[in-house]
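**Q** One structure, pasted below without further comment.
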């Protein structure tokens with residue numbers, strides 16, 4: 001291809017589903033390229049005497065066929081696309097020559113100048129594939145192409161590069177989006193994209209509020225805490241608002257803190273929408289029950305210390321007849337307890353755990369405003385936590401961690417290897 005080096009490559013998307021693809025070499029290049037070929041539905045044959053463990057796992061799973069030998073002339077018969085990526089220069093040259101004779105598009109990982117095809121830097125964002133190739137054959141810079149690709153994909157994902165779907169006949173629908181623990185960077189990629197496409201956002205107080213400032217001016221943002229309730233209870237009013245805006249043909253996002261189904265009443269909203277025949281998409285979020293302790297340097301599990309963790313709602317006291325929690329059983333557990341919505345009940349909870357046999361010296365950490373710039377951590381024990389919480393004026397939202405993991409930190413001596 002050297003005589004054609006002055007001409008830019010012609011971009012095209014190959015449809016390889018069910019078509020024969022041959023990969024020569026089972027090393028790191030094949031390990032990187034094979035997943036995309038598998039996802040494209042290609043009928044893949046790997047020709048290589050050896051392979052990395054990851055490539056071997058693909059063969060064991062039946063995703064590719066593996067011919068455990070060196071390349072031989074004729075291996076590219078009836079092949080649509082070839083990836084030449086072995087560490088054998090002679091085999092690479094021979095395979096490339098066969099590809100030229102058989103008019104097979106061929107990528108050379110070791111010498112792009114003699115290849116008949118180049119692999120672009122690719123990325124995907126919700127049904128769109130971004131592929132970046134250098135336009136100057138003499139100045140190809142894969143790192144620059146990858147950087148351009150990353151910038152475009154990230155902008156599509158976080159909504160800073162607008163590519164709205166044009167809805168000619170809007171269908172009603174609601175997305176229940178878990179916004180994560182508070183840091184706007186901790187919302188999922190899908191959640192952020194749906195926010196960028198929303199017409200109406202009904203947001204919780206505990207959702208990532210900073211993201212609301214990034215929304216376009218036409219987006220109607222509704223504070224769920226300020227919906228006029230009228231004859232409805234709070235949750236019924238929120239349900240009604242979701243239904244009304246969806247019926248109006250709007251793309252509605254219900255932005256919730258943490259995960260919609262972890263004490264978020266997300267299923268109640270999904271049920272209300274289902275009763276009205278309105279489609280509902282659930283987008284999981286990072287739960288504060290694990291992310292906030294992690295942000296404060298607390299592992300909810302640790303080898304040799306805690307083999308389980310239990311997440312508990314503390315919005316009602318242990319002696320409240322509405323409580324569904326078996327506090328006696330929790331006191332007997334050796335693992336970690338993570339309490340949500342429990343700041344004003346922590347004294348009663350600590351007293352109940354101690355009464356049921358938990359040591360009063362059990363470490364406790366209260367993490368307020370976790371993952372945000374206002375995050376702070378207050379340490380105590382079950383015996384002192386009520387007094388410490390009051391003295392430090394700990395306020396919601398806060399996650400409370402109870403257990404020996406509270407004392408584990410980066411400077412803690414590691415356990416012996418198993």
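The values are calculated or read from the model by the stated rules, or taken from the named source; none is laboratory data. No experiment lies behind these values; they were computed from the predicted model shown. Cβ atoms come from the backbone with ideal geometry, glycine included; neighbour counts cover every protein chain shown.
**Q** Is one or more of the residues making up the stretch 357-380 touching a helix residue (DSSP H, G or I) at 6+ places or on another chain (Cβ under 9 Å), in a helix (DSSP H, G or I) and touching a residue at least 12 places away in the same chain (Cβ under 8 Å)?
**A** No, there is no match, as no residue in the stretch 357-380 is touching a helix residue (DSSP H, G or I) at 6+ places or on another chain (Cβ under 9 Å), in a helix (DSSP H, G or I) and touching a residue at least 12 places away in the same chain (Cβ under 8 Å).
The rows are residues; the columns are (1) over 19 Å from residue 289 (Cα atoms); (2) surrounded by fewer than 20 Cβ atoms within 10 Å (Cβ to Cβ); (3) not assigned by TED's automatic domain parsing to the domain that holds residue 258.
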| residue | (1), (2), (3) |
| --- | --- |
| 346 | no, no, yes |
| 353 | yes, no, yes |
| 367 | no, no, yes |
| 375 | no, yes, yes |
| 380 | no, no, yes |
| 393 | yes, yes, yes |
| 397 | no, no, yes |
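**Q** Can you name every residue in the stretch 236-284 that is touching a strand residue (DSSP E or B) at 6+ places or on another chain (Cβ under 6 Å) and surrounded by fewer than 17 Cβ atoms within 10 Å (Cβ to Cβ)?
**A** Of everything in the stretch 236-284, those that are touching a strand residue (DSSP E or B) at 6+ places or on another chain (Cβ under 6 Å) and surrounded by fewer than 17 Cβ atoms within 10 Å (Cβ to Cβ) turn out to be 279, 281.
**Q** For the stretch 288-314, what are the residues that are in contact with a strand residue (DSSP E or B) (Cβ under 9 Å, 6 or more places away or on another chain), surrounded by fewer than 16 Cβ atoms within 10 Å (Cβ to Cβ) and in a loop (DSSP other than H, G, I, E, B)?
**A** Within the stretch 288-314, 297, 301, 308 meet the criteria.
**Q** Restricting to the stretch 332-342, name every residue that is outside any loop (DSSP other than H, G, I, E, B) and crowded, with 19+ Cβ neighbours inside 10 Å.
**A** Within the stretch 332-342, 336, 337, 338, 339, 340 meet the criteria.
**Q** Conditions first: (1) surrounded by fewer than 18 Cβ atoms within 10 Å (Cβ to Cβ); (2) without any contact (Cβ under 8 Å) to a residue 24 or more places away in the chain; (3) under 34 Å from the mean Cα position of the chain (by Cα). Residue 384 passes all but one, so which condition is the exception?
**A** (3)
**Q** Quick one: which residue in 207, 277, 285 is outside any helix (DSSP H, G or I) and over 28 Å from residue 396 (Cα atoms)? Before the answer, list the steps.
**A** Working: 207 fails: over 28 Å from residue 396 (Cα atoms); 285 fails: over 28 Å from residue 396 (Cα atoms).
On inspection, the qualifying residue turns out to be 277.
**Q** Does the stretch 198-216 hold any residues that are at pLDDT 80 or above and more than 15 Å from residue 371 (Cβ to Cβ), and which are they?
**A** Scanning the stretch 198-216 gives 198, 199, 200, 201, 202, 203, 204, 212, 215, 216.
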